[in-house]
Amino acid sequence: MSWLQKMPLPDLPDNPEEPIIKIRNLNVWYGNRLVLGDINLDIPRNRITAIIGPSGCGKSTLIRCLNRMNDLIPNARVEGQVLFDGKNIYSSDVDVTEIRRRIGMVFQKPNPFPKSIYENIAWGLRIRGFKGNLDEVVERALRQAALWDEVKDKLHANALTLSGGQQQRLCIARALAVGSEVLLLDEPASALDPISALKIEELLRELSRDYTIVIVTHNMQQAARVSHYTAFIMWDDNRVGRLIEYGLTRDIFTNPKDKRTEDYITGRFG
Amino acid sequence: MKERWLERLFKALTFISTIIGLLVLVILLIDVLKDGLPRLSWKFITSFPSRNPDEAGILPALVGSAMLLILTALFAFPIGVAAGIYLEEYASDNLFTRLIEINIANLAGIPSIIYGLLGLEIFVRALRGITGGRSIFSGALTMSLLVLPIIIVSSREAIRAVPRSIREAGYALGATKWQVVRDQILPVAMPGILTGTILALSRAIGETAPLITIGALAYIAFLPPLSLKALQSPFTVLPIQIFNWVSRPQEAFHANAAAAIIVLLVLLLSMNAAAIYLRNRFQVRFE
């Protein structure tokens, strides 16, 4: 763990605010199998929260509960509450498209639409009947995602011609453009080369001043470098994913309270 | 030594098997070209059929085939694509949808004459008031039923081939299912859907049995009027014209049939070429 001692952990300004997302007694089933059991977790506003844990423990499932992407998986069932700004996103009067607009998601493999760079960003606005200046919003989103300088001369080129890292930043820009307040990132850098991955991390730190970010990663260096808070998830004896420990990233990595957390971050398994 | 000999024999056998089909087709083509080419002329294409083989032409049959094709596409394409979208994107996996799927798969294998009988009963007789009986309208509706299963199946395959990640990208931006289908899935799937549709239609253009069943005539000495009434007019198509000429005793009519076959083949091959072009030109390659 020598890298841990040397690593400067992100500093943490005071954050007295109410958490933006509160997960309460969350259980998730796939068919008859309980995959996440009794998760309680507060996601602080304008912070980066990392979710770490061995593969298959339910990290991705958890993050997909936060904008109801699990709705798309047949026979997935969610029980419990996810309160976003105090309102349960699973209550029946909630418009799921509105939830997904405000809580954006970036996936493991960059997935731009096979259309122009411009159209990738404009589409999310068009489908909501956006009447303002599209060019402006597109430029702002691309600047926020630190992509503008690289693509400003080829906005109408197909997005699939961009490099993997650029595609991933385009996906972030796309989410920002529709007005996401929370960004959920499911291993956003695992398909990228180290340089591109670092660029994404840098971007996330930059964005965390104005946005709330939740990132799933199995790369512990990445979690330590980028996040303010870390949640460690692992399965119990019945292969049900449980939240083992949650707290400030520096505490989790330097002074874990649970033996399992310590074993995991010191690389004894997983 | 014996092994090597067997090896060679086997290779030769498989090769012969491969070219048998091709050879037969080539012989057929040469035969048709030899008989038909001298007869093929602009006048042949623009003349009405006649008792005199030298004056007879294929104009009504060509127009009939074209109209039938266009109408069939108009009816079958939207319904087929919509059914494909429903089955791939909306339907949940239950007994009912599985039953529908099995049904559609089986429909694609039903002999075409059964469709002809169905068309005769429903479109020609029951719906006579709308279709005008033995009309091009009835013919196109019958053909639509015939090609519908093929269009549904190829639409489903094309829609299913669109990566899941594209759907997720759309939903994650807060799009509704319809918006994702309309703006992201259909554009990517469209080349595949069109390819399947064209291939289905090129099957329809060569069909004879169902149209004979519903009563397409071989002798049409006029073109349909340029109005909606055209839908209700009697009609003929190329395969029926060919069938009619082939069954005449006079040698000269056989030459006419050969020439009409050339026209039909050119039509078919250009449709298939268009399908291949569409597939190669507009297919989106991910990665």
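Residue check: A:Asp263 meets all listed conditions (1) in contact (Cβ under 8 Å) with a residue 60 or more places away in the chain; (2) of a type outside the set (A, V, I, L, M); (3) surrounded by fewer than 17 Cβ atoms within 10 Å (Cβ to Cβ) but one, namely (1).
Inside the range B:34-53, residues that are among the aromatic types (Phe, Trp, Tyr) and either under 20 Å from B:Tyr219 (Cβ atoms) or buried (at least 16 other Cβ atoms within 10 Å of the Cβ) (or both) make up a count of 2.
Selection of helices (runs of 4 or more DSSP H) fully inside the range B:154-241 by the criterion of at least 1 residues being within 14 Å of chain A (Cβ to nearest Cβ) and either more than 25 Å from the chain's Cα centre (by Cα) or charged (D, E, K, R) (or both) returns B:164-172, B:177-180. Annotation note: Cβ proximity below 8 Å between a residue of the range A:121-133 that is small (Gly, Ala, Ser) and a residue that is assigned to a loop (DSSP other than H, G, I, E, B) (sequence gap 6+ or interchain) occurs for A:Gly124/A:Val178; A:Gly124/B:Leu173; A:Gly124/B:Gly174; A:Gly124/B:Ala175. Taking the range A:99-120 as the range and being free of Cβ contacts under 8 Å to residues at least 40 places away in the same chain and facing chain B (nearest Cβ under 8 Å) as the test, the residues that pass are A:Ile99, A:Arg100. Of the residues making up the range A:245-255, those that are touching a residue at least 24 places away in the same chain (Cβ under 8 Å) and either out of contact with any Ser or Thr (no Cβ under 6 Å at 6 or more places or on another chain) or hydrophobic (A, V, I, L, M, F, W, C) (or both) are A:Tyr246, A:Leu248, A:Arg250, A:Phe253, A:Thr254. Residues of the range A:128-137 include at least one that is surrounded by 17 or more Cβ atoms within 10 Å (Cβ to Cβ), within 14 Å of chain B (Cβ to nearest Cβ) and farther than 20 Å from B:Glu168 by Cβ.
Go over the candidates A:Arg209, A:Arg169, A:Arg205, A:Arg174 one by one and state the one that is surrounded by 22 or more Cβ atoms within 10 Å (Cβ to Cβ), among the charged types (D, E, K, R) and either away from chain B (no Cβ under 13 Å) or within 25 Å of A:Ile233 (Cα to Cα) (or both). Step through it out loud before you land on a result.
Working: A:Arg209 fails: surrounded by 22 or more Cβ atoms within 10 Å (Cβ to Cβ); A:Arg205 fails: surrounded by 22 or more Cβ atoms within 10 Å (Cβ to Cβ); A:Arg174 fails: either away from chain B (no Cβ under 13 Å) or within 25 Å of A:Ile233 (Cα to Cα) (or both).
Answer to the check: A:Arg169.
Taking the stated definitions as given, is B:Val147 crowded, with 23+ Cβ neighbours inside 10 Å and farther than 30 Å from B:Leu37 by Cα? Yes, satisfied.
Do you know which of the residues in the range A:80-98 that are more than 12 Å from chain B (Cβ to nearest Cβ) and among the acidic types (Asp, Glu) is farthest from A:Glu18 (Cα to Cα)?
If we filter the range A:80-98 for residues that are more than 12 Å from chain B (Cβ to nearest Cβ), which is where we start, we get A:80-94.
Filter again for among the acidic types (Asp, Glu), leaving A:85, A:93.
Working: A:Asp85: 9, A:Asp93: 23 Å.
Out of the qualifying residues, it is A:Asp93.
Among residues of the range B:209-236 being over 11 Å from B:Ser65 (Cβ atoms) and polar (S, T, N, Q), the one that is surrounded by the fewest Cβ atoms within 10 Å (Cβ to Cβ) is B:Ser227. A single entry from B:Leu29, B:Leu71 fulfils the requirement of being among the aliphatic types (A, V, I, L, M) and outside the structural domain of B:Gly206 (by TED's automatic domain parsing): B:Leu29. Every condition in (1) free of Cβ contacts under 8 Å to residues at least 24 places away in the same chain; (2) closer than 21 Å to A:Ile39 by Cβ; (3) surrounded by fewer than 17 Cβ atoms within 10 Å (Cβ to Cβ) holds for A:Asp85 except the one numbered (1).
Residues checked against (1) on the phi < 0 side of the Ramachandran plot; (2) out of contact with any Asp or Glu (no Cβ under 8 Å at 6 or more places or on another chain); (3) touching a residue at least 60 places away in the same chain (Cβ under 8 Å); (4) crowded, with 22+ Cβ neighbours inside 10 Å:
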| residue | (1), (2), (3), (4) |
| --- | --- |
| B:Ile110 | yes, yes, no, no |
| B:Leu118 | yes, yes, no, no |
| B:Glu121 | yes, yes, no, no |
| B:Gly139 | yes, yes, yes, yes |
| B:Ala161 | yes, yes, no, no |
| B:Ala172 | yes, yes, no, yes |
| B:Asp183 | yes, yes, no, no |
| B:Pro191 | yes, yes, yes, no |
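Of all positions in the range A:188-196, at least one carries a residue that is buried (at least 17 other Cβ atoms within 10 Å of the Cβ) and within 13 Å of another protein chain (Cβ to nearest Cβ).
The values are calculated or read from the model by the stated rules, or taken from the named source; none is laboratory data. In this text the structure is predicted, and so the values were computed from the model without any measurement. Methodologically, a virtual Cβ is constructed for each residue, glycine included, from the backbone with ideal geometry; neighbour enumeration extends over all protein chains shown.
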